[in-house]
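Remarks on the structure that follows.
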Amino acid sequence: MLTKNGEEQRSVQTTEALASDQRKQSSNKGQCSLDFAQDYAPALESTQMVSINSRYDLFINGKQQAPHSKSYFQSINPATGESLAEVAIADEQDVQLAVQSARNAYDKVWSKLSPAKRGRYIYRIARILQERAKEFAVLETLDGGKPIKEARDVDIPLAAAHFFYYAGWADKLEYAYPGKSVRSLGVCGQIIPWNFPLLMAAWKLAPALACGNTCVLKPAETTPLTALLLSEVLQEAELPPGVVNIITGTGETGSHLVEHKGLDKIAFTGSTEVGKAIARGLAPRGTKLSLELGGKSAHIVFKDAAIDQAVEGVINGIYFNQGHVCCAGSRLLLEESIAEPFIEKLKARMQNLRVGNPLDKNTDIGAINSKAQWERIQSLIKIGKQEPGNFFQLDTKLPEKGYFIAPCFFTDQSSSNSLSQVEVFGPVLSIMTFRTPAEAVVKANNTQYGLAAGIWSEKGSKIKDVASRLNAGVIWANTYNKFDPGAPFGGFKESGYGREGGLQGLHPYLEVVH
Ligand code: NAP
Ligand code: MG
């Protein structure tokens with residue numbers, strides 16, 4: 001197949017093979033009453049609206065440019081292990097070009113534009129994203145392995161909503177800081193991870209642009225394709241060249257970006273380990289930095305909670321998106337008297353989870369994002385099994401190709417178990433019990449992280465009291481993983497600093513002039 005510009009395209013060959021795997025799965029398991037979830041006929045999303053080029057270059061100064069490095073890497077579909085496209089690796093010179101292009105755009109165009117005009121460009125980006133939502137959703141699923149229903153219902157609508165929200169702020173910044181004046185910072189280097197690729201790009205770009213900055217964005221190695229599709233949207237929106245530059249590559253490219261002395265701000269979302277290294281590197285330079293890092297977030301379920309609702313929230317918090325969520329509710333603290341029935345209900349509900357082809361609209365749990373992540377999760381499960389406690393894993397047939405892990409949990413855990421401390425970033429839950437609210441708070445806070453928490457109780461006063469004692473940036477009550485562009489998100493302790501979303505999300509991209 002050929003694209004508009006004559007480039008060769010790879011057809012997406014994987015869909016049929018996976019569907020046939022799934023049909024086999026259904027017929028093998030049809031007789032067992034607990035396996036009824038496997039009896040759904042596959043309902044595959046079409047991949048026809050997505051054109052994947054065989055090769056992608058860097059997006060610098062408003063156009064695609066071959067990398068100085070002349071090197072490319074493969075982005076694979078983790079549901080099949082097959083390559084989707086080859087993608088440019090930006091080296092030091094490419095990073096220099098991208099930063100220079102952002103600097104020129106800042107000095108000559110973007111900083112001189114009226115805030116209302118800046119807002120209009122951002123609105124345009126939001127509208128085009130909405131129009132092309134299905135294309136983005138399918139590409140996100142192909143490149144990252146997440147279930148299509150999540151890409152379709154969460155990632156892409158929230159990304160568009162984020163651009164809409166910050167477009168609205170562009171000409172109202174003076175109202176965000178009454179009595180003070182603010183100014184943009186200049187050029188921002190922004191590095192994002194693979195779990196919510198387009199959404200993380202939106203979280204970074206939308207507030208930066210609204211505040212009058214220009215950007216160099218570095219997507220993750222395993223999921224660069226929706227950021228590259230976003231470059232088409234930026235062109236369609238006629239965003240002035242250089243205002244947003246997108247450079248792909250490995251961790252080394254990210255490292256060149258953070259080491260570039262021409263940046264006024266660095267925003268990083270990713271692992272705590274890399275975040276710490278970046279903070280150390282930037283300390284002597286004083287470049288403004290915000291970090292959104294890892295988490296080991298806890299659900300606290302009291303005996304007076306609506307139990308079925310809490311089970312659903314726990315499932316949603318750890319198993320959807322394969323546990324690839326920084327704020328995943330990866331620890332479950334149950335009030336002792338309900339622990340046994342709760343765990344039985346959890347097991348029963350897990351029987352209905354469908355693990356498989358992410359393009360199937362029925363799939364709840366798709367593919368693990370990469371072979372490396374699959375190996376890391378498996379090795380952590382192995383460690384968990386060697387430590388005290390019991391293990392349960394959903395018994396379901398996984399697709400033969402690709403990287404899949406059935407959802408699982410460990411019970412009888414204490415805070416000293418590895419899986420109560422280490423961020424797995426996979427569908428693995430660690431369960432422990434508590435007797436009093438005070439004990440629940442101590443256990444929930446017993447982690448290096450402080451990103452999120454969920455409290456489940458019918459009593460508002462109990463929820464407010466416990467919430468006030470938890471060290472977590474986001475606390476949900478009787479729900480979990482709910483996002484809105486108007487609500488700030490970010491962590492305490494080793495989960496990072498700075499907030500994204502809401503009025504607070506403007507702050508990392510502005511200087512407040514007193
Ligand atoms: P990661 O290895 O830290 O990578 C994140 C990004 O940084 C990627 O673009 C990566 O590029 C790049 N990178 C790697 N090494 C770098 C270096 N030395 N200097 C500069 N950039 C570098 O993390 P990940 O494995 O992709 O993501 C998983 C982690 O992100 C988890 O710990 C999760 O909790 C966290 N996360 C946090 C949030 C939040 O909002 N708090 C949101 C999502 C994810 P390559 O991909 O090319 O290696
Ligand atoms: Mg990929």
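The values are calculated or read from the model by the stated rules, or taken from the named source; none is laboratory data. None of these values were measured; they are calculated from a predicted model. In this analysis, Cβ positions are derived from the backbone assuming ideal geometry, glycine residues included, and neighbour counts consider all displayed protein chains.
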Against the definition (away from ligand 2 (no atom under 16 Å from the Cβ), in contact with a Gly (Cβ under 6 Å, 6 or more places away or on another chain) and under 30 Å from Val441 (Cβ atoms)), how does Gly295 come out, yes or no? no
Tell me, which helices (runs of 4 or more DSSP H) lie completely within the stretch 230-336 with 1 or more residues that are assigned by TED's automatic domain parsing to the domain that holds Ala126 and of a type in the set (Gly, Ala, Ser)? 251-259, 272-282
Going through the stretch 243-252 in order, the residues found to be within 16 Å of ligand 2 (Cβ to nearest atom) and either among the basic types (Lys, Arg) or surrounded by 23 or more Cβ atoms within 10 Å (Cβ to Cβ) (or both) are Ile246, Thr248, Gly249
Looking at (1) crowded, with 16+ Cβ neighbours inside 10 Å; (2) among the hydroxyl-bearing types (Ser, Thr, Tyr); (3) within 21 Å of the chain's Cα centre (by Cα), which is the one condition that is false for Thr479? (1)
In the stretch 160-188, residue modelled with the highest pLDDT [restricted to those that are among the hydroxyl-bearing types (Ser, Thr, Tyr) and under 17 Å from Val512 (Cβ atoms)]: Ser184
Among the candidates Lys361, Lys401, Lys371, single out the residue that is farther than 25 Å from Val442 by Cα and either more than 16 Å from ligand 2 (Cβ to nearest atom) or of a type in the set (Gly, Ala, Ser) (or both). Lys361
Just wondering, is there one or more residues in the stretch 259-270 that are surrounded by fewer than 18 Cβ atoms within 10 Å (Cβ to Cβ), in contact with a helix residue (DSSP H, G or I) (Cβ under 8 Å, 6 or more places away or on another chain) and of a type in the set (A, V, I, L, M, F, W, C)? no
For Ser290, state whether it is hydroxyl-bearing (Ser, Thr, Tyr), within 14 Å of ligand 1 (Cβ to nearest atom) and more than 23 Å from Asn446 (Cα to Cα). yes
Of (1) more than 14 Å from ligand 1 (Cβ to nearest atom); (2) in contact with an Asp or Glu (Cβ under 7 Å, 6 or more places away or on another chain), Asn213 satisfies every one except (2)
Taking only the stretch 282-308 into account, find how many residues are surrounded by fewer than 18 Cβ atoms within 10 Å (Cβ to Cβ) and either within 25 Å of Gly501 (Cβ to Cβ) or at pLDDT below 95 (or both). 5
Can you work out which of the residues in the stretch 87-109 that are within 14 Å of ligand 1 (Cβ to nearest atom) and outside any helix (DSSP H, G or I) is farthest from Leu44 (Cα to Cα)? Asp91
Looking at (1) over 20 Å from Gln48 (Cβ atoms); (2) in contact with a Gly (Cβ under 8 Å, 6 or more places away or on another chain); (3) crowded, with 24+ Cβ neighbours inside 10 Å, find the lone condition where Ile122 falls short. (2)
For Ser255, only one of the following conditions fails: (1) within 8 Å of ligand 1 (Cβ to nearest atom); (2) in contact (Cβ under 8 Å) with a residue 60 or more places away in the chain. What is its number? (2)
Single residue of the stretch 196-217 satisfying the filter (assigned to a loop (DSSP other than H, G, I, E, B) and out of contact with any Lys or Arg (no Cβ under 8 Å at 6 or more places or on another chain)) that is farthest from ligand 2 (Cβ to nearest atom): Cys211
List the number of the failed condition for Ala453; all other conditions in (1) more than 29 Å from Ala170 (Cα to Cα); (2) surrounded by fewer than 16 Cβ atoms within 10 Å (Cβ to Cβ); (3) among the aliphatic types (A, V, I, L, M) hold. (2)
I'd like to verify a number: residues in the stretch 444-479 that are over 13 Å from Phe492 (Cα atoms) and among the β-branched types (Val, Ile, Thr), how many? 4
For the stretch 408-499, give me every one of the strands (runs of 3 or more DSSP E) that falls completely inside it and has 2 or more residues that are of a type in the set (A, V, I, L, M). 428-434, 452-456, 474-477
Selection from the stretch 362-385 of residues that are under 11 Å from Gly426 (Cβ atoms) and among the hydroxyl-bearing types (Ser, Thr, Tyr): Ser379
